[in-house]
Every structure is written in C-alpha cells, then in structure tokens.
C-alpha cells in the first residue's frame with residue numbers, strides 16, 4: 001500500500017479524525033497495526049484461514065464500535081482485545097466438543113519444564129537463516145497450549161504490560177504471571193533443542 | 001537459602017526486573033552458586049529476546065485487499081444510514 005500523508009500523525013489525533021468520519025484516518029490506523037494483528041491472530045488461532053477472518057472481523061468491529069473507544073487505554077490495546085476475543089471465539093467454534101476456556105485450572109509445577117538444561121551457542125541466530133529461525137520460533141510457539149500461547153504472545157511478542165494482557169484475556173494478574181512463567185520455560189526448553197552448544201554441558205560456563 | 005524451586009518461581013519477575021533489591025540479591029546469589037539455574041535464567045532471557053525481535057508478518061496483498069474492500073463497504077453502508 002502507498003505511504004500515506006497521515007503516516008507521521010499522532011495516534012490519538014487519527015482516532016479523533018476517524019471518529020468524525022474521516023475514512024483515511026481510520027485506514028491509516030489499520031495500516032499501522034494490521035501486521036501485528038495478523039501475526040497475533042495467526043499465533044492464537046494457529047490457522048491461516050482463521051487468522052485472515054480474525055484480521056478482517058477485528059478492524060470491521062473496531063470501526064463499528066469506534067465511538068465506544070474511550071481513550072483511557074491505547075487504541076492498539078483496544079484493538080488487541082477485540083482481536084483476541086475474535087481469535088478465541090474461532091478456537092471455541094473449531095472445538096465445539098471441547099470448549100477452550102482461559103480459566104481452566106492448570107498445573108504450574110515448574111519441575112516438568114526444566115529437563116533440558118544446556119548452554120546455548122553464543123549467537124544461535126547465526127546458525128540459521130532468517131526463514132529457518134522463524135520456522136523454529138513458530139513451531140515452538142505452536143506447541144504451547146492456547147492458554148499459555150495467548151499470554152506469551154501478548155506479553156513477550158506484542159509487548160503489552162501484565163495489566164493490559166490481563167485485561168485483554170479476562171484473566172487475573174497472578175494468572176497472567178503464572179502462565180507467562182510457564183510459557184517462557186516451555187519455550188526455553190524447546191528452543192534449547194535447536195540452540196544448544198554442541199558437545200557442551202551446563203558446567204562449562206562456570 | 002533459596003532453593004531452585006524458589007528461584008524458578010521468581011524467574012519471570014526477576015527477568016522483568018520486577019523484584020525488590022533484597023530479593024534480587026538473593027536470586028543473584030543463588031545463580032552464582034547454582035549452574036543449572038544460571039543456565040535456565042540465561043537461556044530464558046534469550047528466549048524472550050529472540051521472540052521480541054520477531055518481525056510482524058507481511059500481509060499478503062490479496063488479504064489486505066480483501067480487508068480494505070470490506071472496510072470500504074462498511075464505511076459506505078454507514079454513510080448511507082446516517
């Protein structure tokens with residue numbers, strides 16, 4: 001898409017203009033966040049077609065309900081909340097026999113996720129091409145359960161705060177924290193299989 | 001003395017620099033004495049960093065085209081009803 005003359009304009013001003021019916025202003029907001037929302041939707045739904053639907057539904061809903069956006073959070077956070085809800089709805093619909101609930105009780109015992117303890121290469125990114133690396137990161141994240149995945153994606157990929165993540169997912173702050181810890185440890189373990197230093201053990205560093 | 005289990009429990013908050021000075025020094029003392037926890041802390045920190053650097057997915061042109069057309073239609077419908 002062509003670079004718009006609105007590219008440098010402040011977000012809150014764009015929101016105000018969009019609310020007044022300025023289509024270009026809303027399109028500029030879409031342009032700013034569509035990539036992140038698409039990535040988020042793919043991570044949460046783990047399905048390309050669903051992610052495309054979520055992307056579209058998210059911005060249509062955002063447009064429709066723009067007058068409900070109060071400006072007490074960032075516009076992006078508000079859109080993320082819509083996107084997460086749409087994505088989770090997709091997951092629920094896909095598993096009609098087994099509903100996905102973010103409130104499910106989960107085992108937070110950390111002992112099971114620290115089996116693989118090995119130091120990494122100094123610069124593991126250099127061992128893989130950009131595409132290979134993205135493939136590894138995607139595979140690792142896909143293997144997490146939706147409850148962990150959503151928290152990790154919002155906190156560590158989209159860089160939302162703990163409070164914003166809790167709000168977007170309808171979880172308590174302690175629940176976000178315990179799920180984030182679990183997700184980080186699980187991913188660490190999975191990545192270690194790819195990134196560990198060859199022929200080395202944990203004690204070599206000490 | 002902190003156990004490894006205590007250390008793991010605080011790991012996220014430690015990496016996010018959300019712990020007070022007293023707890024921080026206890027945690028740092030633990031990793032200076034426990035190679036396993038040191039490795040887990042180091043590789044978890046790098047796990048977080050590597051995901052932070054992930055680029056947003058470029059949206060395929062046809063997907064973006066569909067989104068823009070759907071929005072255009074919605075905007076036109078809205079105008080008509082006003």
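May I ask you to verify whether residue B:46 is surrounded by 15 or more Cβ atoms within 10 Å (Cβ to Cβ) and either facing chain A (nearest Cβ under 7 Å) or at pLDDT below 90 (or both)? Considered against the rule, which asks whether it is surrounded by 15 or more Cβ atoms within 10 Å (Cβ to Cβ) and either facing chain A (nearest Cβ under 7 Å) or at pLDDT below 90 (or both), residue B:46 comes out as yes. Could you please let me know if residue A:14 is outside any loop (DSSP other than H, G, I, E, B) and within 10 Å of another protein chain (Cβ to nearest Cβ)? Against the criterion (outside any loop (DSSP other than H, G, I, E, B) and within 10 Å of another protein chain (Cβ to nearest Cβ)), residue A:14 does not qualify. Inspection of region B:19-29 finds no residue satisfying the criterion of being at the interface with another protein chain (Cβ under 9 Å from one of its Cβ atoms), surrounded by 17 or more Cβ atoms within 10 Å (Cβ to Cβ) and either in contact with a helix residue (DSSP H, G or I) (Cβ under 6 Å, 6 or more places away or on another chain) or within 30 Å of residue A:58 (Cβ to Cβ) (or both). Just a yes or no: is a residue in region A:159-174 within 16 Å of residue B:45 (Cβ to Cβ), modelled with pLDDT of 90 or more and under 14 Å from the mean Cα position of the chain (by Cα)? No: region A:159-174 contains no residue that is within 16 Å of residue B:45 (Cβ to Cβ), modelled with pLDDT of 90 or more and under 14 Å from the mean Cα position of the chain (by Cα).
The set of residues in region A:64-87 being free of Cβ contacts under 8 Å to residues at least 40 places away in the same chain and not in a loop (DSSP other than H, G, I, E, B) consists of A:64, A:68, A:78, A:82, A:85. Out of (1) modelled with pLDDT of 90 or more; (2) within 10 Å of chain B (Cβ to nearest Cβ); (3) closer than 19 Å to residue A:138 by Cα, the odd one out for residue A:58 is which? It is condition (3) that residue A:58 fails.
Of (1) facing chain B (nearest Cβ under 10 Å); (2) at pLDDT below 90, residue A:183 satisfies all except one. Which? If we test residue A:183 against (1) facing chain B (nearest Cβ under 10 Å); (2) at pLDDT below 90, just (2) comes out false. Of all residues in region A:30-53, those that are assigned to a helix (DSSP H, G or I) and more than 11 Å from every other protein chain (Cβ to nearest Cβ) total 3. The set of residues from region A:148-163 being surrounded by 20 or more Cβ atoms within 10 Å (Cβ to Cβ) and more than 10 Å from chain B (Cβ to nearest Cβ) comprises A:148, A:149, A:150, A:151, A:154, A:160. Residues that are out of contact with any helix residue (DSSP H, G or I) (no Cβ under 7 Å at 6 or more places or on another chain) and either crowded, with 19+ Cβ neighbours inside 10 Å or within 15 Å of residue A:44 (Cβ to Cβ) (or both): does region A:183-195 have at least one? Scanning region A:183-195, I find no residue that is out of contact with any helix residue (DSSP H, G or I) (no Cβ under 7 Å at 6 or more places or on another chain) and either crowded, with 19+ Cβ neighbours inside 10 Å or within 15 Å of residue A:44 (Cβ to Cβ) (or both), so the answer is no.
The values are calculated or read from the model by the stated rules, or taken from the named source; none is laboratory data. No experiment lies behind these values; they were computed from the predicted model shown. As a convention, Cβ positions derive from the backbone with ideal geometry for all residues, glycine included, and neighbour counts pool all protein chains shown.
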